[in-house]
Amino acid sequence: MNRQPAEVLVIAAHPDDAEFGAAGTIAQWVRQGKNVAYVVCTSGDKGTSDPNIKPEELVKIREKEQRAAAKVLGVREVVFLRFPDQGLEDTPEFRKELVRWIRIFKPETVVAPDPYRRYLWHRDHRITGQVVLDAVFPYARDHLAYPDLLKEGLQPHKVKEVLLWAAEEPNYFTDITGTFDIKIAALRCHKSQVGADVPFDVEEWVRERAETAAKGQKFKLAEAFYRLEIPW
Ligand SMILES: [Zn+2]
């Protein structure tokens with residue numbers, strides 16, 4: 001697979017997660033000239049309250065929305081793994097798939113949902129975060145982990161840092177004051193999720209969260225993450 005490496009790889013459970021969690025920061029990275037790629041683990045085929053939409057139609061709608069949102073942000077590539085929505089499990093198959101894409105894109109930074117949010121937290125988010133951390137360390141790094149991937153030419157890769165969105169105790173805050181409008185524009189691409197029939201105003205909701213995240217910082221609007229460096 002001849003893909004251009006991406007300095008940043010964003011791994012999300014569903015279409016729209018990356019935009020809610022990190023779009024302002026992603027837009028900043030793109031402005032700095034970094035290549036950003038997405039891996040979206042499910043295509044969100046259960047994300048509707050409309051009883052007339054079939055799951056396979058929803059997959060098409062949501063993948064199209066996700067591609068549009070990525071385009072707004074300048075994300076170069078979106079890979080859909082098409083695991084079932086509400087069906088992600090911590091399996092060897094899922095872990096290997098994430099290792100595969102980490103080795104293909106060779107990112108310095110991986111961005112994903114924090115698996116350690118307590119109580120109400122979408123099971124797919126929790127499992128994605130956990131499997132991403134396992135895939136980053138040690139599986140993507142160790143050449144004996146997957147001899148078959150090695151045979152395919154996928155060399156071991158060391159990720160330098162992981163940023164986790166939706167962290168209960170964030171330790172890293174990015175200034176998104178200058179990219180907030182792009183974040184909202186990207187979120188609005190997810191019409192099936194934030195369209196007219198949704199009972200809240202997405203801009204107001206996201207702005208409040210960004211202001212709260214920026215409390216105590218020198219800037220007005222922030223995204224908050226738990227950041228860890230991988231020392232080995
Ligand atoms: Zn989600």
**Message:** Take LEU120 and GLU152, extend 7 Å from each Cα along the Cα→Cβ direction, and tell me the distance between the two endpoints in nm.
**Reply:** 3.9 nm
**Message:** If the reach is capped at under 30 angstrom between alpha carbons, list the lysines near LYS54, excluding any in the same chain fewer than eight residues apart.
**Reply:** LYS46, LYS64, LYS71, LYS96, LYS183, LYS191
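Expressed in nm to one decimal, what extension gain is obtained for the pair GLU211 and ASN171 from 0.36 nm per residue of sequence separation less their Cα-Cα distance?
In short, 12.8 nm is gained.
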**Complete:** Shape call for the chain, from the Cα gyration tensor axes a ≥ b ≥ c (a/c under 1.5 means rounded, otherwise prolate when a/b beats b/c, else oblate), comes out oblate
**Message:** What are the ³J(HN,Hα) couplings of segment 50-62, residue after residue, when phi is run through the Karplus curve with 6.51, -1.76, 1.60 and θ = phi - 60°? Round to Hz, x for glycine and proline.
**Reply:** 7, x, 8, 8, 7, x, 5, 5, 4, 4, 5, 4, 6
**Whole-Hz ³J(HN,Hα) from phi, Karplus 6.51 cos²θ - 1.76 cosθ + 1.60, for segment 193-210, glycine and proline x** = 9, 10, x, 4, 8, 8, x, 8, 8, 4, 5, 4, 4, 6, 4, 4, 5, 5
**Request:** Taking amide H positions as placed in the peptide plane 1.01 Å from N, state which residues far from VAL111 in sequence (5 or more) or on other chains have amide H under 5 Å from it.
**Result:** LEU9, VAL10, ILE11, LEU163
**Fill in**
Of 178-184, 48-54, ordering from highest average Cβ density within 10 Å down gives 178-184, 48-54
**Complete:** Sorted by chain and then number, the residues having a modelled amide H within less than 5 Å of the amide H of ASP85, at least 5 places away or on another chain, are SER43, GLY44, ASP45, LYS46
**Prompt:** In whole Å, how far is the Cα centre of segment 124-172 from that of segment 15-44?
**Reply:** 17 Å
**Item:** Relative contact order, percent, the chain [alpha-carbon distance under 8 Å, six or more residues apart]
**Value:** 25 percent
**Prompt:** When only Cα pairs under 8 Å and 6 or more residues apart are kept, what is the percent relative contact order across segment 186-232?
**Reply:** 20 percent
**Asked** Along the positive direction of the dipole of the chain (beta-carbon charges: Lys, Arg +1; Asp, Glu -1; about the Cα centre), which of ALA186, TRP29, CYS41 reaches farthest?
**Response** TRP29
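Write out the GluC sites (Glu not before Pro) in segment 1-108 meeting two conditions: DSSP loop, and at most 16 other Cβ atoms within 10 Å of their Cβ. Let's see the in-between values first.
Values: sites: GLU7, GLU19, GLU56, GLU57, GLU63, GLU65, GLU77, GLU89, GLU93, GLU97, GLU108; in loops: GLU7, GLU89, GLU108.
Sites meeting the loop and neighbour criteria: GLU89, GLU108.
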**Other-chain or far-sequence residues with amide H under 5 Å of VAL78's (modelled H)** = TYR38
**Item:** Per-pair calculated FRET efficiency, R0 = 25 Å: GLU89 and ILE230 via Cβ, rounded to 0.05
**Value:** 0.55
**Fill in**
Computed about the Cα centre, the charge dipole of segment 121-218 from +1 Lys/Arg and -1 Asp/Glu charges at the Cβ has a magnitude in debye, to the nearest 20, of 220 debye
**Request:** Give the relative contact order (percent, whole number) for segment 129-232; include only Cα pairs under 8 Å separated by 6+ residues.
**Result:** 37 percent
**Request:** Grab the other residues whose beta carbon is less than 14 angstrom from that of VAL162, score K and R as +1, D and E as -1, and report the net.
**Result:** -2
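Taken together, the values in this text are just the output of simple stated rules run on the coordinates, not laboratory data. None of the values given here were measured: they were computed from a predicted structure. Positions of Cβ are generated from backbone atoms using ideal geometry, with glycine treated the same way; all protein chains shown enter the neighbour counts.
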